[in-house]
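Following: one structure in structure tokens, then a few remarks.
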Amino acid sequence: MLVLSRRPGQSALIGPEIEVFVLEVDGSQVRVGINAPRRIRVLRRELLTQVENENQLAVQSKAPTLQDLQDLADTLKPSSESG
């Protein structure tokens, strides 16, 4: 794992196409911005973990319905909003 120290307004590059910006630091909370091509999915770890856990529960409890699959697809759609 690479550990960096960055200040607001500074950034770090991940490969040639992904840039992570430090937008604001407020106590223990850090706001970051990620600039990546649309083809690269950027997800929060806790969201992905939640979906994985729900998938495990669904497999154990019942076969998914068409609505379950649509809800999952909606959850995983890349967001076009920033912030």
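Observations on the model:
- The chain, relative contact order in percent, only Cα pairs under 8 angstrom and at least six apart counted: 16
- Longest exposed-site-free window of the chain, the sites being trypsin sites (Lys or Arg not before Pro) in a DSSP loop that have at most 10 other C-beta atoms within 10 Å: 1-37
- Alpha-carbon radius of gyration plus Dmax, which is the widest Cα pair, for the chain in Å: 16.8, 48
- What the chain shows is 89 Å² of accessible area per residue, with the surface traced by a 1.4 Å probe over protein heavy atoms.
- Exposed-loop-free span, longest in the chain, where GluC sites (Glu not before Pro) count as exposed if DSSP calls them loop and at most 12 other C-beta atoms lie within 10 Å: 18-80
- Carbon and sulfur %, accessible surface of the chain computed with the full protein complex present, 1.4 Å: 53
- With the simple model of a label 7 Å out from the Cα in the direction of the Cβ, Leu66 to Glu19 spans 4.5 nm.
- About its Cα centre, the chain has a charge dipole of approximately 260 debye under the convention of +1 per Lys or Arg Cβ and -1 per Asp or Glu Cβ, with nothing else charged.
The values are calculated or read from the model by the stated rules, or taken from the named source; none is laboratory data. Being a predicted model, the structure only gives us computed values, none of them experimental. Cβ atoms come from the backbone with ideal geometry, glycine included; neighbour counts cover every protein chain shown. Note: areas computed on protein heavy atoms with side chains; ligands, DNA, RNA excluded. Shrake-Rupley method; radii C 1.70, N 1.55, O 1.52, S 1.80 Å.
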